[in-house]
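Let me begin by presenting the structure, written as structure tokens, before commenting on it.
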Amino acid sequence: MSDDGREQTGHERVPSRQRRRFPGISSRAYEHPADRSALVALRKLSGFDTVFKALSGLLPERSLRLLFLSDSVRVSERQFKHLHDMLLDACYILDLEKVPPMYVNQDPQPNAMCIGLDEPIIVVTTGLVELLDEEEMRAVVGHEVGHALSGHAVYRTILLFLTTLALKVAWIPLGNFAIMALVTALREWFRKSELSSDRAGLLVGQDPKASMRGLMKIAGGNHLHEMNVDAFLEQAEEYEAGGDLRDSVLKILNVLPRSHPFAAIRAAELKKWSESRDYQRIMDGHYPRRAEDKDTSVSDSFRESAASYKDDVKTSKDPLMKLVTDLAGGTAGLGGRVRRGFDGFKSPAPPKDAPTDTPPQDEE
């Protein structure tokens with residue numbers, strides 16, 4: 001500890017803190033099972049890094065770096081110092097040795113991203129900086145550092161490039177169907193990677209209420225006195241359990257084009273994880289280390305991912321997921337339930353006294 005109360009570490013001028021640090025932590029500690037299985041498989045692919053380097057010349061990464069350097073404000077000791085301190089703090093807590101460059105971009109839309117192949121870049125918008133308080137912003141910075149530690153910046157950049165390239169050849173017969181299947185799969189992974197980085201943000205901020213409050217403000221704006229975190233979480237529960245099979249289908253259609261899960265769902269998922277044994281074990285210092293990543297089993301990771309999806313279906317209150325569970329369990333009388341669930345898609349029923357062409361039939 002230096003005379004001015006600042007710790008001497010690999011990160012220069014890191015402020016002293018009360019939060020826990022996680023030396024050598026592997027991103028596997030906080031990654032959602034579906035995200036982790038995909039990343040483990042990619043990391044195990046021989047020659048994948050070579051392919052990245054070969055394709056990097058085709059990507060607009062250099063252009064983006066020059067654009068942010070010339071038309072945004074780079075976070076440093078002299079510019080947005082409070083964000084600079086948060087960035088150093090987040091990298092210190094998650095033990096990310098190389099601090100990524102961070103920029104503030106003029107945009108009223110609250111947003112943040114982590115991109116790049118050779119070196120990740122973190123970008124936050126002025127809309128986000130102005131919306132969130134210090135602890136909420138700390139969770140966001142930790143979220144983006146989590147993306148960098150997981151390698152999401154690398155994989156997202158290359159996969160987005162491949163997706164864009166594929167869309168340009170969608171005119172090939174059956175190409176559009178195949179491309180949409182690819183895009184849908186990538187977006188599903190993107191959404192899970194966001195849940196992973198929400199967890200990383202919590203590990204950095206170590207304040208569940210601030211993390212969930214930030215998500216609530218992203219959804220509802222800077223009117224904190226008009227909002228309530230518990231009520232916001234109740235929305236997620238209502239969304240999950242409400243409606244019938246029609247609503248279940250509409251939920252799927254609504255989320256398919258999105259790269260991020262809905263804010264209320266993210267808050268509920270983060271609350272669930274913050275109360276889990278996995279989170280407590282990490283806070284107690286028991287977590288996988290980076291040095292062990294090379295020994296990770298791809299098949300074990302995929303089994304964990306499958307088990308996670310199975311558990312989600314089993315415990316879900318969504319009508320469609322309940323139906324899937326009942327189908328798996330062989331519940332009787334499902335035909336009538338399915339028909340009732342989709343009755344709303346039909347034309348309105350005629351009045352009871354209206355003549356009909358066919359006699360009424362008993363429902364199963």
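A short reminder: the numbers here are calculations on the coordinates, not readings from a lab. In this text, all values refer to a predicted model and were calculated from it rather than measured experimentally. Neighbour counts run over all protein chains shown; Cβ positions are idealised from the backbone, glycine included.
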Listed here are the pairs Lys81/Lys272; Lys209/Lys294; Lys192/Lys217; which of them are more than 31 Å apart at the Cα? Lys81/Lys272; Lys209/Lys294
Return the FRET efficiency for the residue pair Arg289, Glu119: r is the Cβ-Cβ distance, R0 is 30 Å, and the value is rounded to the nearest 0.05. 0.80
Pairwise FRET efficiency - Met227 versus Glu97, Cβ, R0 = 41 Å, nearest 0.05: 0.60
When ranked by the protection proxy of mean other Cβ atoms within 10 Å per residue, highest first, what sequence do the peptides 276-288, 24-36 form? 24-36, 276-288
With R₀ set to 45 angstrom, the calculated FRET efficiency between the beta-carbons of Ser76 and Glu238, to the nearest 0.05, is 0.50
